[in-house]
Amino acid sequence: MSERARFVVVANRLPVDRITADDGSVDWRTSPGGLVTALEPVMRRMGGAWVGWHGASNETVEPFEHDGYSVIPVPLSGDEYEEYYEGFSNATLWPLYHDTVAFPEFHREWWDAYVTVNRRFAEATADVADDGATVWVQDYQLQLVPKLLREMRPDLRIGFFLHIPFPPTELFQQLPWRSDILEGLLGADLVGFQVPGGAQNFLRLVRQRTRHRVERDRVHVSGSHVCTARAYPISIDTHGFEELAQSPEVIAESESLLEELGHPKQIFLGVDRLDYTKGLRQRIRAMGELFEEGKLDPADTVFLQVATPSRERVEEYKRLRDDIDLLVGRINSEVGGVGRPAISYLHAGFPRATMAAMYRIADVMVVTPLRDGMNLVAKEYVACRPDTNGALVLSEFAGAAQELKQAYLVNPYDLNGMKDVLMQAATDSPRERQRRMRALKKQVRGSTIEHWADNFLGDLQG
Ligand code: ADQ
């Protein structure tokens, strides 16, 4: 590809999945998921290039055009996938950055692969970026890219956004490569976090562990540039979700869902990637106890839990999947009648329209992560629920709780407290539920994915 881009997004995954038709022809389709959902509208609007892995190991794919922007695939070997992605990204950084709710593993070979792959991403970006272009690097898999890229291309404006929490200093210090990661991020002109606490943790660490001068939210990186650290809470395409949820197809789909569930009086809904940070064990136990104690009646109430398969080759995720299967099986065998389980558990991903149909019919949406950078599901629910009588139960430990203050907030570690709040959300007066829901809708309408991208890029381009 000869043309160089004025705007480049760099992320672990490309926003497209390869589809091979029966006749062997290959096509690329925009893929679902948090980050893609977040950035695709921005890419389309601004044009440019997206640098990322295409999803198949040991294979090189040539750059191509998709939906008005360039797609630049970065290859990964099978070993690199295991060590950089499954290993360092998802079995070291992911648990460490989520309050060590699972035990992080530290392996030197994983770190070496992380460095190698980060350098490859930086090189691919340096090749495609035009003179003085703006580059936006995404997330924890690529924290070394800002510094590596600046060394190769000091002319670029470099932004970095962390989608997951940035941990408290005490936890971050465990990392044997803590200084490398801090310096890696400091290569950016602007580092964005989901909540102000993340930016504060980062700045505190920079003060403790580096010699750079810190002045409020600005770090004077010695002999180089100024790196600013701030919060930019991510959001959703609110209008898009509102429209989708009101479309005839989604309304029809929600009718047939209701039919399938046997027209219960009340539906509780959980929607998550199957991840140990999402608090599924705690949530299912709390719901199970409410059924067992007779506070909820399986004759008229259903708990629909959707869990998207995720990182299935990582040990901790296999264990989680088995635990949830067992837990749901046990509860369903103890409560509920023939052919009508109290918990309807679906281990699958669904098209966005089906998600919207589920949000539409949920009387109580239950979002209870143990720790979550933001949590878009909470915001999607608020946008999709058509009237103002739904209820959002939301963990205090999701970034979203700092904005969605009128949700029914819970501490997911406190089972009794969570049960009380679940019941409160289900039984509060319509007036109280409406009051809260209106405030939530106002919040989600006033702060969308467009605002997020505009604010970040506005500050980056200064
Ligand atoms: P995730 O941990 O993936 O994202 P989340 O913010 O909830 O968490 O986003 C999940 C997305 O996947 C949502 O858009 C949701 O609709 C979709 N999804 C979930 N289950 C699905 C299913 N069964 N079928 C289809 N789609 C499904 C990370 C961070 C979050 C942060 C986001 C964005 O962990 O804290 O909010 O990035 O920054």
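Please verify whether the range 171-184 includes one or more residues that are within 16 Å of the ligand (Cβ to nearest atom), in the same structural domain as Val10 (by TED's automatic domain parsing) and out of contact with any strand residue (DSSP E or B) (no Cβ under 6 Å at 6 or more places or on another chain). Scanning the range 171-184 turns up no residue that is within 16 Å of the ligand (Cβ to nearest atom), in the same structural domain as Val10 (by TED's automatic domain parsing) and out of contact with any strand residue (DSSP E or B) (no Cβ under 6 Å at 6 or more places or on another chain). Where strands (runs of 3 or more DSSP E) sit wholly within the range 42-142, those with at least 3 residues that are at pLDDT 95 or above occupy 49-53, 69-74, 129-138.
Any residue in the range 410-422 that is touching a residue at least 40 places away in the same chain (Cβ under 8 Å) and either part of a strand (DSSP E or B) or within 16 Å of the ligand (Cβ to nearest atom) (or both)? Checked against the condition, which is being touching a residue at least 40 places away in the same chain (Cβ under 8 Å) and either part of a strand (DSSP E or B) or within 16 Å of the ligand (Cβ to nearest atom) (or both), the range 410-422 yields at least one hit. Tell me, please, whether a residue that is assigned by TED's automatic domain parsing to the domain that holds Leu280 and within 16 Å of the ligand (Cβ to nearest atom) can be found in the range 425-437. No, the range 425-437 has no match at all. Remark: pairs (first residue in the range 343-356, part of a helix (DSSP H, G or I); second residue aromatic (Phe, Trp, Tyr); Cβ separation under 8 Å; 6+ apart in sequence or on different chains) = Ala356/Phe241. In this structure, is Val145 more than 15 Å from Leu185 (Cα to Cα), buried (at least 18 other Cβ atoms within 10 Å of the Cβ) and assigned by TED's automatic domain parsing to the domain that holds Leu205? No; evaluated as a whole, the condition is false for this residue. Within the range 388-409, track down each residue that is in a helix (DSSP H, G or I) and surrounded by 23 or more Cβ atoms within 10 Å (Cβ to Cβ). Correct list: Gly399, Ala400. Residues that are surrounded by 15 or more Cβ atoms within 10 Å (Cβ to Cβ), among the polar types (S, T, N, Q) and touching a residue at least 12 places away in the same chain (Cβ under 8 Å) are absent from the range 239-252 altogether.
The values are calculated or read from the model by the stated rules, or taken from the named source; none is laboratory data. Predicted, not measured: the structure shown is a model, and the values here were computed from it. Cβ coordinates were reconstructed from backbone atoms using ideal geometry, including for glycine residues, and neighbour counts include every protein chain displayed.
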